[in-house]
């Protein structure tokens, strides 16, 4: 129900208000997968609150809307909320949603570490590379003009070229998108653990250290691998 409220209820309404100039920016976050908090920026907060209250009543959503609680979106780039809304609409099932969350993180990792790209120097040395099957699917999406991952990639590239950019900012946006996709903290951890595991494999062999995530090697002389 929360997904439908975002994609078929409040999303189209707020996109229309933004196009009409009544709303300068909007976004949303989730207290839980079923609880959506809206963040809006406009010249008339009380009118926006009234519109939202009417929409909530029409769709049966529960929860008060107070003008004093309306606040600016966590990120004012309108493309980001469009990425989240479109991905939610494309992934009604849990597994597809988790896969989309992993794709979002993967695209951010590639933008911030060019060596991960399949055509980068790492691929020829057997070091860390993006898994070919996953990247082929992502690349196919990025080749289309209107796919949300394409928009996400453009946002990241624009941020990367901006003065004073720091790579950690991209993963703040990844966390925001994961929250908007409705991932629980546990699901978000699973996505990142899976991503780290996939990037910790050599191109032609197994992970460098089995059970690396459970401990560290004991101190001692480092010898050649058998």
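Odds and ends about this structure:
- Subset of segment 41-53 [within 22 Å of residue 8 (Cβ to Cβ) and either loosely packed, with under 12 Cβ neighbours inside 10 Å or touching a residue at least 40 places away in the same chain (Cβ under 8 Å) (or both)]: 52
- Within the option set 116, 87, being closer than 19 Å to residue 191 by Cα and modelled with pLDDT of 95 or more holds for one residue only, 87.
- Within segment 11-31, the set of residues being within 19 Å of residue 91 (Cβ to Cβ) and at pLDDT below 85 is empty.
- Pair list, Cβ < 6 Å and 6+ apart or interchain, from segment 163-183 residues that are more than 19 Å from residue 95 (Cβ to Cβ) to residues that are modelled with pLDDT under 90 and assigned to a helix (DSSP H, G or I): 165/159; 167/112; 170/112
The values are calculated or read from the model by the stated rules, or taken from the named source; none is laboratory data. This is a predicted model, so every value here is computed, not measured. Note that we place each Cβ from the backbone using ideal geometry, even for glycine, and neighbour counts take in every protein chain shown.
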